[in-house]
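The values are calculated or read from the model by the stated rules, or taken from the named source; none is laboratory data. What you see is a predicted model; the values in this text were computed from it and never measured. As a convention, Cβ positions derive from the backbone with ideal geometry for all residues, glycine included, and neighbour counts pool all protein chains shown.
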Amino acid sequence: MIRVLLVDDQPLIRSGFRALLDAEDDIEVVAEASNGAEGVARAREHRPDIALVDVQMPEVDGIEATRRIAADPDLTGTHVVIVTNYGLDEYVFHALKAGAAGFLVKDVEPEDFLHAVRVAARGDALLAPSITRRLIDRYVSQPPRPKQCLDQLTNREREALVLVARGLSNDEIAATMVISPLTAKTHVNRAMAKLHARDRAQLVVIAYESGLVVPQAPERR
């Protein structure tokens, strides 16, 4: 059973998400919260697998709530998914840096929403290749000096990290590196462990902040 926490200041949004999620046999909404501070408290109380967190809320916003959840050693099993009205707004990258596992737009199709919840619960990426590329190209134009020591990665792990940052899935990484999907997953998991990344979203942030991957200039039309 996937246990979900809903954090949104709009009751109608929460009720809609609850109705959709509770109709599934393998998903259960365990709590709701109307602001970030309450959301953090409910997360500590219920230890959900997924926290669906709105960005803009009163008192404590979604980014700060994400930061608090990600920093809590008792909540390492809770994956924060940012849910926003605004698509690739300026808050999304900050939320990923704060520890979010990914993000969804509120007008997503119901079946895609449910799939995303299940993907996040497995600890996999919630950043589709197109989303990753658009996000990085738009919000990471000037990577700062390296903050992470990448010397501990093997050449293959470093190569896998670059491909994760480009938005490739494990199957796509396997095809690109000419290895099995299981080996690709192993390289990605070892990179996460060595760099102390919570998930693939954090690997994307590390890759660009370290300067290992440089955002590509948008194509001119």
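The table for this structure:
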| read-out | value |
| --- | --- |
| Of residues in the stretch 55-78 being modelled with pLDDT of 90 or more and touching a strand residue (DSSP E or B) at 6+ places or on another chain (Cβ under 6 Å), the one farthest from H196 (Cα to Cα) | G62 |
| Residues within the stretch 8-27 that are within 20 Å of the chain's Cα centre (by Cα) and over 17 Å from V108 (Cβ atoms), tallied | 0 |
| Filtered residues of the stretch 41-62 (kept if assigned to a helix (DSSP H, G or I) and surrounded by fewer than 24 Cβ atoms within 10 Å (Cβ to Cβ)) | A41, R42, R44, E45, H46 |
| Filter result (at pLDDT below 80, part of a helix (DSSP H, G or I) and among the small types (G, A, S)) within the stretch 170-221 | A201 |
| Residue check for E24: assigned to a loop (DSSP other than H, G, I, E, B) and touching a helix residue (DSSP H, G or I) at 6+ places or on another chain (Cβ under 7 Å) | yes |
